[in-house]
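Q: Below is one structure. I have some questions about it.
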Amino acid sequence: MVTKFLFITKDKKFYFDGKKIKEVKSLDDLNGVKIIFARPMIVYDIDKIGLAYFEENYGNLVVGDYTVQNLIDIILSYNFIVYVDHGSKSISLISESKGGVIISLNYSALDFLRYFFAKVPKGILLESTDFDFINN
């Protein structure tokens, strides 16, 4: 069975149907969909450092299933969602590459990834929250 996700933030809903990522206003069929309440991911931006810096200095660093260089190739080529789940201490990169793939990233690399993803020109960056945060 294909894993489907609906990420609900305060102002948007993002849906991954197992292949494609899209912003939606509503869904008629929630059968088999995992609903996740999320907020924008906190990132740390440093003006003088660009994505090329990470490629050059950390390209071979393994941050889960892939190296930083592999991640750069994916995030520049495909739509993706990064989701940090603080409850299970996991990070997932959900990508449209290969018709839909979920990549596990090391939670211990979160601080590094907050700097890295600040330099990524596209993508949806989210982290876990609860319904009360969304509702307020």
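Q: I'd like to know which of Y15, I81, Y115 lies farthest towards the positive end of the charge dipole of the chain, counting +1 on Cβ of Lys and Arg and -1 on Cβ of Asp and Glu.
A: Comparing the listed Cα positions along the dipole, Y15 ranks first.
Q: Also: Taking the Cα centre of the range 39-135 as origin, sum charge times position over the Cβ atoms of Lys and Arg (+1) and Asp and Glu (-1), and report the length of that vector in debye to the nearest 20.
A: Details: 7 positive and 12 negative charges, 18 e Å.
The dipole of the range 39-135 has a size of about 80 debye.
Q: Remind me, relative contact order of the chain in percent, using alpha carbon pairs under 8 angstrom and six or more residues apart?
A: Working: 238 pairs, mean separation 37.8, N = 136.
Contact order relative to length: 28 percent.
Q: With springs only between Cα atoms under 10 Å, which of E55, E96, E23 fluctuates most in a Gaussian network model of the chain?
A: Answer for the Gaussian network model of the chain: E23.
Q: Also, quick follow-up: What angle do you read, to the nearest 10 degrees and between 0 and 90, between the alpha-carbon axis of helix 68-77 and the longest principal axis of the chain?
A: Compared with the principal axis, the helix lies near 50 degrees.
Q: Then there is this: With a probe of 1.4 Å, find how much accessible area the chain has per residue, and write the answer as a whole number in Å².
A: Working: 7790 Å² over 136 residues.
That works out to 57 Å² for each residue.
Q: For the chain, what is the calculated [θ] at 222 nm in deg cm²/dmol (nearest 500), taking -39500 (n - 2.57) for each run of four or more DSSP H residues and dividing by its residue count? If you can, show how the numbers build up before the last one.
A: Values: 4 runs with 32 residues, N = 136.
Value at 222 nm, helices only: -6500 deg cm²/dmol.
Q: What are the trypsin sites (Lys or Arg not before Pro) within the range 1-92 that DSSP puts in a loop, where the Cβ has at most 10 other Cβ atoms within 10 Å? Don't skip to the answer; put the middle values down first.
A: Values: sites: K4, K10, K12, K13, K19, K20, K22, K25, K34, K48, K89; in loops: K10, K12, K19, K20, K25, K48, K89.
Taking the range 1-92 and a limit of 10 other Cβ atoms within 10 Å, the loop trypsin sites (Lys or Arg not before Pro) found are K25, K48.
Q: Take the solvent-accessible surface of the protein heavy atoms, probe 1.4 Å, and return the percent of it on the range 39-135 that carbon and sulfur atoms account for. Don't skip to the end; give the middle numbers.
A: Working: 2470 of 5070 Å².
Using a 1.4 Å probe with all protein chains present, the range 39-135 comes out at 49 percent carbon and sulfur.
Q: Calculate, in nm to one decimal, what S97 and L27 gain on full extension: separation in residues at 0.36 nm each, minus their alpha carbon distance.
A: Details: separation 70, 0.36 × 70 = 25.20 nm, distance 2.34 nm.
Roughly 22.9 nm would be gained on extension.
Q: Please compute P(r) over all alpha-carbon pairs of the range 20-97, binned at 5 Å starting from zero, and give each bin as a whole-number percent.
A: 3, 11, 17, 22, 22, 13, 7, 4, 2, 0
Q: Ok, one more. GNM, the chain, Cα, under 10 Å: largest mean-square fluctuation among L126, L27, L105?
A: L27
Q: On to the next question. Would you please give the residues with an amide H less than 5 Å from that of E127, counting only those at least 5 places away or on a separate chain, with H modeled from the backbone geometry?
A: Amide H to amide H, under 5 Å and 5 or more residues apart or across chains, E127 pairs with R39, M41, V84.
Q: For the chain, take every pair of Cα atoms, bin their distances at 5 Å starting from 0, and report each bin as a whole percent.
A: 2, 10, 20, 23, 21, 13, 8, 3, 1, 0
The values are calculated or read from the model by the stated rules, or taken from the named source; none is laboratory data. Predicted model only: the values in this text are computed from it and were never measured. No Cβ is skipped: glycine too gets one built from the backbone with ideal geometry, and neighbour counts run over all protein chains shown. What goes into the accessible areas is simple: the full protein's heavy atoms, side chains included, and nothing from ligands, DNA or RNA. Shrake-Rupley method; radii C 1.70, N 1.55, O 1.52, S 1.80 Å.
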